[in-house]
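Novice: Here it is: the structure, laid out below.
The values are calculated or read from the model by the stated rules, or taken from the named source; none is laboratory data. As the structure is a prediction and not an experimental result, all values here were calculated from the model. Counting neighbours? That spans all protein chains shown, and the Cβs are built from the backbone with ideal geometry, glycine included. When the accessible area is computed, the model is the full protein with side chains, heavy atoms only, and any ligands, DNA or RNA have been set aside. Shrake-Rupley method; radii C 1.70, N 1.55, O 1.52, S 1.80 Å.
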Amino acid sequence: MQKTKSVEKSANTTTNFAEINELKVDFSSLYTSKDPRNYFKYLGQLDYVIPHLAQPVFAQVIRARAELQQDPVTVLDVGSSYAVNGALMKYALRYEMLRERYTFPGLQLLSSEELLDLDRNFFNAWPENPGVRTIALDISENAVRYAQQSGTADLGLAADFEDRDPTPAEAEALANVDLIISTGCVGYVTAKTFDRIAKATRNGRTPWVVSFVLRMFPFDDIAKTLGKYGLVTEKFEGATFVQRRFGNREEMEAAIMAVEKRGIDTRGHEAEGLYHAELFVSRPAEEIERVPLQKLLTVVSGANVPWTVGTNVLGSFGRAARRRARAQRPKLVAKPH
């Protein structure tokens, strides 16, 4: 049975996001290219599938939100890159169709401008969901520009709200957001960004928040911040969601160390050579009471990906990595009474 539970404050409140991120394979250059080909080429080699798994979850939440309003549901994708999630919400497309398109050999010699012209026609040729409007938010100007010009996003915002408040124009764009989503930005993005966004999205109807978060990163601080705006955060129980395979043994061992440090067992998950994410959904308490999360969402694929995942040789190192992680985990010392 699929279950949910409210997010509570964990004992570990000193997670150093920057320190953990330094141990991950650096893909930052993939997000600054003028088009998505490198993004799909390199992440595709690591079976990056979280947009595929998130697509049906977002579709169900959008339908539930649409029942409460007359106008289209405006979705803000935080850390959107090239608005892959936006494309999957707006058009009758599957993620593997996009991956196959951007890795197709016949498109690799085109300039970014030529590819953009083709992409405009490509997306225009597919049935569009009239009930969704998408906003792409990312620090990469190239990615946001391509998303808006190709049609995977209705509006693009190139901004870093970790460091500053939205400008008046950005705040106006954010004012009518109904749903905030993310599929991997938590850990790079903190409660600061969510706080600044939440302040701007105050149009009389509180936006919901759907977050896929790697298990190495706690969601407590963001959940607490969202609570200031009347949102209660629940964690979906009964499934985790594969993000991708690890790039190398060092990345795998670092991830196992970070997850085990949080007191989470990595057997069957990170110890198998795969990043796993948890799903958090934040809504007003009255909505949770009206439609509990286990009734709002039906998840038929999480860890059990209906996808052909490449040979994962790193899984054989999992047991040794877990032993090292647990040997280095800080021991709890009883306080004197």
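Novice: Could you please find all residues in the range 208-258 being assigned to a helix (DSSP H, G or I) and open to solvent by less than 10 Å² (accessible area, probe 1.4 Å)?
Specialist: The answer is ILE222, LEU226, GLU251, MET252, ALA255, ILE256.
Novice: For the range 233-253: of the residues being of a type outside the set (D, E, K, R) and more than 19 Å from the chain's Cα centre (by Cα), which is farthest from ILE264 (Cα to Cα)?
Specialist: ASN248
Novice: Specify which of the listed residues (ALA147, ALA125, ALA136) is open to solvent by 70 Å² or more (accessible area, probe 1.4 Å) and closer than 18 Å to TYR91 by Cα.
Specialist: ALA125
Novice: Under 19 Å from SER182 (Cα atoms), over 19 Å from the mean Cα position of the chain (by Cα), open to solvent by 30 Å² or more (accessible area, probe 1.4 Å) and of a type outside the set (A, V, I, L, M, F, W, C): does that describe ASP163?
Specialist: Considered against the rule, which asks whether it is under 19 Å from SER182 (Cα atoms), over 19 Å from the mean Cα position of the chain (by Cα), open to solvent by 30 Å² or more (accessible area, probe 1.4 Å) and of a type outside the set (A, V, I, L, M, F, W, C), ASP163 comes out as yes.
Novice: Moving on to the next point. All but one of (1) farther than 19 Å from LEU53 by Cα; (2) surrounded by 14 or more Cβ atoms within 10 Å (Cβ to Cβ) hold for LEU88; state the number of the condition that does not hold.
Specialist: Checking LEU88 against (1) farther than 19 Å from LEU53 by Cα; (2) surrounded by 14 or more Cβ atoms within 10 Å (Cβ to Cβ), the one that fails is (1).
Novice: Given (1) open to solvent by 20 Å² or more (accessible area, probe 1.4 Å); (2) in a loop (DSSP other than H, G, I, E, B); (3) out of contact with any Asp or Glu (no Cβ under 8 Å at 6 or more places or on another chain), where does ARG205 come up short, assuming only one miss?
Specialist: Condition not satisfied by ARG205: (3).
Novice: Quick test of your reading of the structure: LYS24 fulfils all but one of (1) in a loop (DSSP other than H, G, I, E, B); (2) within 17 Å of the chain's Cα centre (by Cα); (3) modelled with pLDDT of 95 or more. Name the failing condition by number.
Specialist: Result: LYS24 passes all but (3).
Novice: Right, something else. Filtering the range 213-241 down to residues that are hydrophobic (A, V, I, L, M, F, W, C) and under 20 Å from LYS295 (Cβ atoms), which residue is modelled with the lowest pLDDT?
Specialist: ALA239
Novice: Of the residues LEU137, LEU157, LEU118, which single one is at pLDDT 95 or above and outside any strand (DSSP E or B)?
Specialist: Being at pLDDT 95 or above and outside any strand (DSSP E or B) holds for just one of LEU137, LEU157, LEU118, which is LEU118.
Novice: Can we say LEU109 is open to solvent by 60 Å² or more (accessible area, probe 1.4 Å), on the phi < 0 side of the Ramachandran plot, at pLDDT 95 or above and part of a loop (DSSP other than H, G, I, E, B)?
Specialist: yes
Novice: Identify the residue in the range 57-85 that is of a type in the set (S, T, N, Q) and crowded, with 16+ Cβ neighbours inside 10 Å and, among all such residues, is farthest from ASN129 (Cα to Cα).
Specialist: So, considering only residues that are of a type in the set (S, T, N, Q) and crowded, with 16+ Cβ neighbours inside 10 Å, the one farthest from ASN129 (Cα to Cα) is SER81.
Novice: Determine whether ARG326 is surrounded by fewer than 20 Cβ atoms within 10 Å (Cβ to Cβ) and either modelled with pLDDT under 90 or of a type outside the set (Val, Ile, Thr) (or both).
Specialist: yes
Novice: What number of residues within the range 259-280 satisfy the criterion of being part of a helix (DSSP H, G or I) and either in contact with a strand residue (DSSP E or B) (Cβ under 9 Å, 6 or more places away or on another chain) or open to solvent by 20 Å² or more (accessible area, probe 1.4 Å) (or both)?
Specialist: Result for the range 259-280: 4.
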